[in-house]
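What follows is a single structure, written as structure tokens, with notes after it.
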Amino acid sequence: MNAQNSAAEAYLKFDLTSLGGLPISQATLRMWVVNESVDTINIKNVADNTWTENSLTYNKRPSKGGIITTFVPTVHDVWKEVDITSAVAGAVGSNMSIALDAASGIDGYRFNSNEASSNRVELAVTWGGPPGGSTPTSTPTPTEWVPTPTPGPGSTFSFGVAGDWGQNSNTTAVLNALRNSGANFAIALGDFSYINGNSETNWCNFVKASVGGGYAFELISGNHEDAVRDGQINNYADCLPHRLTPLTGLYGKQYYFDYPAGSPLARFINISPGLTFPDDGSYTYSAGSARYNWVRDAIDGARSAGIKYVVVSMHKYCISLVSGSCEAGADLMNLLVSKKVDLYLQAHDHAYSRSKQLALKSGCGSITPGSFKSNCVVDSDNEFAYGAGTVIATVGTGGVGINSQDPSDPEAGYFATFQGSNSNPTFGFLKFTISPTSISAQFVRGSGGSFTDAFTIQ
């Protein structure tokens, strides 16, 4: 709603299918007020759920039903929270549409939509007990944070990434920052609970307490989940399942999906180099191997399908600002750089580092771990050209203690920025916003220091 001296209405649709059968105790519509109003705003039922964002016009808008509740948004630049528990409780297990209009028919109320870069409209749903009440488990009552609407074909969206999480106050701060950022989904880059034994369910509930039980919190295994150590990836995948578009491969270990549905902008390829699973053996990506070829074909398939961006994520790193060896394998790294995948995301190093834009070209036939070739750098100004090369980001800042970075490391010439225990240690995640014309990235703080980073690809 954003019209003065004219009629304006807002329609919202929420997917509540995952909440079917749950006892809803509280449902709150949260809107970030951009422009306030002195008029009364009605929230009304809408029985027709067949409308889409792209097809909706004023003349073709669905009919509105009875008033659910009313409110007056008198202050801007704040969250306006409105209780719609009764409407949500009656719609769980299906889609629910609502409409907002002004009682006078003329108003200038405006709130952030799902396309906003942050503070997007959302629905918070609590079940299993009274709001604020105790629960029989050690974790808070689950909350479902449901952004709306789901991005349409070819629409702008955002996601967050981090690895090396743990289960502490820093982790909670990062998860809360993720929820509040408006990111459509997250990719967890391995190493989850850091608690020995069967810790999977407790950690999943810990995550859901912040981001919501229905939030798309995508998993790729780390070395703490590939064997009998801090739980197993199969069990984590059961309690934090894939919730996005259909995938190809094995969730949690080696898979890809295209997003958003219909006309995807990006292919997300998640893999497990350097890991060995008790039920699945070693995941090796040496040149010519079956898994190497699988990654190659997934990249080529995205390009053949006209999908503009390719994002590859894994837990273990190759080049870094620590003294460790290339655990992911040089063949795999060089494959990704030779294919000029747009983003190459990793963790395992409990810190943050982000490369310049890299590519194989004249004078750089390959990147050799443990050394630096200046000819492999194609751009270093943080405003990168689309299709010119690959940006590598290590985001091991999910909550576990941060380690130091070595600016004199032999591979340091590849990196544009970093932070670690010896340089402004900051827990957080890397948020990407992908549009038809660009990728923009921003490091989002959860707790600790004040480190920032941002870059674009366009």
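The values are calculated or read from the model by the stated rules, or taken from the named source; none is laboratory data. Fair warning: this is a prediction, and the values are worked out from it, not measured in the lab. Using ideal geometry, Cβ is built from the backbone for each residue, glycine included, and neighbour counts are taken over all protein chains shown. Just so you know, the surface numbers come from the protein's heavy atoms only, side chains and all, with ligands and any DNA or RNA stripped out. Shrake-Rupley method; radii C 1.70, N 1.55, O 1.52, S 1.80 Å.
Could you go through the stretch 295-302 and let me know if any residue there is open to solvent by less than 40 Å² (accessible area, probe 1.4 Å), touching a helix residue (DSSP H, G or I) at 6+ places or on another chain (Cβ under 8 Å) and either closer than 18 Å to Lys316 by Cα or without any contact (Cβ under 8 Å) to a residue 24 or more places away in the chain (or both).
yes
Identify, by number, the condition in (1) closer than 14 Å to Ser313 by Cα; (2) open to solvent by 40 Å² or more (accessible area, probe 1.4 Å); (3) part of a loop (DSSP other than H, G, I, E, B) that Gly274 doesn't meet.
(2)
Residue by residue through the stretch 233-260, note down the ones that are assigned to a loop (DSSP other than H, G, I, E, B) and open to solvent by 60 Å² or more (accessible area, probe 1.4 Å).
Those that are assigned to a loop (DSSP other than H, G, I, E, B) and open to solvent by 60 Å² or more (accessible area, probe 1.4 Å): Arg243, Pro246.
Just to be sure, is Ala87 open to solvent by 10 Å² or more (accessible area, probe 1.4 Å) and either under 16 Å from Gly182 (Cα atoms) or modelled with pLDDT of 90 or more (or both)?
Working: open to solvent by 10 Å² or more (accessible area, probe 1.4 Å): yes; either under 16 Å from Gly182 (Cα atoms) or modelled with pLDDT of 90 or more (or both): yes.
Yes, satisfied.
I'm told Gly213 meets every condition in (1) modelled with pLDDT under 95; (2) open to solvent by 20 Å² or more (accessible area, probe 1.4 Å); (3) assigned to a loop (DSSP other than H, G, I, E, B); (4) not acidic (Asp, Glu) except one. Can you identify the failing condition by its number?
Failing condition for Gly213: (2).
For (1) in contact with a Phe, Trp or Tyr (Cβ under 8 Å, 6 or more places away or on another chain); (2) within 25 Å of Ala393 (Cα to Cα); (3) modelled with pLDDT of 85 or more; (4) open to solvent by 20 Å² or more (accessible area, probe 1.4 Å), each residue gets a yes or a no:
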| residue | (1), (2), (3), (4) |
| --- | --- |
| Glu144 | yes, no, no, no |
| Trp165 | yes, yes, yes, no |
| Arg179 | yes, yes, yes, yes |
| Ile195 | yes, no, yes, yes |
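Go through the stretch 446-458 and report how many residues are in contact (Cβ under 8 Å) with a residue 60 or more places away in the chain and farther than 16 Å from Ser158 by Cα. Walk me through it before giving the result.
The first filter runs over the stretch 446-458 and keeps only residues in contact (Cβ under 8 Å) with a residue 60 or more places away in the chain, leaving 446-448, 451, 453-458.
Still in the running and farther than 16 Å from Ser158 by Cα: 446-448, 451, 453.
So the count comes out to 5.
Looking at Gln458, is it open to solvent by less than 20 Å² (accessible area, probe 1.4 Å) and out of contact with any helix residue (DSSP H, G or I) (no Cβ under 8 Å at 6 or more places or on another chain)? Write out each step before concluding.
Details: open to solvent by less than 20 Å² (accessible area, probe 1.4 Å): no; out of contact with any helix residue (DSSP H, G or I) (no Cβ under 8 Å at 6 or more places or on another chain): yes.
Criteria not met by Gln458.
Can you run down the residue pairs with Cβ atoms below 8 Å, 6 or more apart or on separate chains, where the first is in the stretch 46-57 and aromatic (Phe, Trp, Tyr) and the partner is surrounded by 11 or more Cβ atoms within 10 Å (Cβ to Cβ)?
Pairs that qualify, where the first residue is aromatic (Phe, Trp, Tyr) and the partner is surrounded by 11 or more Cβ atoms within 10 Å (Cβ to Cβ), are Trp51/Tyr11; Trp51/Lys13; Trp51/Arg61; Trp51/Pro62; Trp51/Ser97.
Taking into account only those residues within the stretch 350-382 that are closer than 25 Å to Ala177 by Cα and either open to solvent by 40 Å² or more (accessible area, probe 1.4 Å) or assigned to a loop (DSSP other than H, G, I, E, B) (or both), which is modelled with the lowest pLDDT? Walk me through how you get there before you give the answer.
Here is the first cut: in the stretch 350-382, the residues closer than 25 Å to Ala177 by Cα are 350-355, 382.
Add one more test, that the residue is either open to solvent by 40 Å² or more (accessible area, probe 1.4 Å) or assigned to a loop (DSSP other than H, G, I, E, B) (or both), and what stays is 350-351, 382.
Details: His350: 98, Ala351: 98, Asn382: 95.
In this case the residue turns out to be Asn382.
What is the number of the single condition among (1) touching a strand residue (DSSP E or B) at 6+ places or on another chain (Cβ under 9 Å); (2) farther than 23 Å from Ser104 by Cβ; (3) open to solvent by 30 Å² or more (accessible area, probe 1.4 Å) that Leu16 does not meet?
Among (1) touching a strand residue (DSSP E or B) at 6+ places or on another chain (Cβ under 9 Å); (2) farther than 23 Å from Ser104 by Cβ; (3) open to solvent by 30 Å² or more (accessible area, probe 1.4 Å), Leu16 violates only (3).
Of all residues in the stretch 407-416 being in contact (Cβ under 8 Å) with a residue 60 or more places away in the chain, open to solvent by less than 30 Å² (accessible area, probe 1.4 Å) and not hydrophobic (A, V, I, L, M, F, W, C), which is farthest from Ser380 (Cα to Cα)? Give the steps one after another, and end with the answer.
Applying the first criterion (in contact (Cβ under 8 Å) with a residue 60 or more places away in the chain) to the stretch 407-416 yields 407, 409, 411-412, 414-416.
In the following step, the residues that additionally are open to solvent by less than 30 Å² (accessible area, probe 1.4 Å) were identified as 409, 411-412, 414-415.
From what is left, the residues that are not hydrophobic (A, V, I, L, M, F, W, C) are 409, 411, 414.
On the way: Asp409: 18, Glu411: 15, Tyr414: 9 Å.
It comes out as Asp409.
Has the stretch 82-89 got at least one residue that is in contact with a strand residue (DSSP E or B) (Cβ under 8 Å, 6 or more places away or on another chain), in contact (Cβ under 8 Å) with a residue 60 or more places away in the chain, more than 30 Å from Pro153 (Cβ to Cβ) and not basic (Lys, Arg)? Give the steps one after another, and end with the answer.
Initially, the stretch 82-89 is screened for residues in contact with a strand residue (DSSP E or B) (Cβ under 8 Å, 6 or more places away or on another chain), giving 82-89.
Pick out the ones that are also in contact (Cβ under 8 Å) with a residue 60 or more places away in the chain and you get 85, 87-89.
If we keep only those that are more than 30 Å from Pro153 (Cβ to Cβ) too, we end up with 85, 89.
Then drop every residue that is not not basic (Lys, Arg), which leaves 85, 89.
There is at least one residue in the stretch 82-89 that is in contact with a strand residue (DSSP E or B) (Cβ under 8 Å, 6 or more places away or on another chain), in contact (Cβ under 8 Å) with a residue 60 or more places away in the chain, more than 30 Å from Pro153 (Cβ to Cβ) and not basic (Lys, Arg).
Could you tell me whether any residue of the stretch 320-334 is within 22 Å of Ser438 (Cα to Cα) and part of a loop (DSSP other than H, G, I, E, B)? Reasoning before the result, please.
Filtering the stretch 320-334 for residues within 22 Å of Ser438 (Cα to Cα) gives none.
Within the stretch 320-334, none of the residues are within 22 Å of Ser438 (Cα to Cα) and part of a loop (DSSP other than H, G, I, E, B).
On the given criteria, is Thr417 in a strand (DSSP E or B), under 18 Å from Leu345 (Cα atoms), in contact with an Asp or Glu (Cβ under 6 Å, 6 or more places away or on another chain) and not basic (Lys, Arg)? Outline the logic, then answer.
Working: in a strand (DSSP E or B): yes; under 18 Å from Leu345 (Cα atoms): yes; in contact with an Asp or Glu (Cβ under 6 Å, 6 or more places away or on another chain): yes; not basic (Lys, Arg): yes.
Judged against the criteria, Thr417 is a match.
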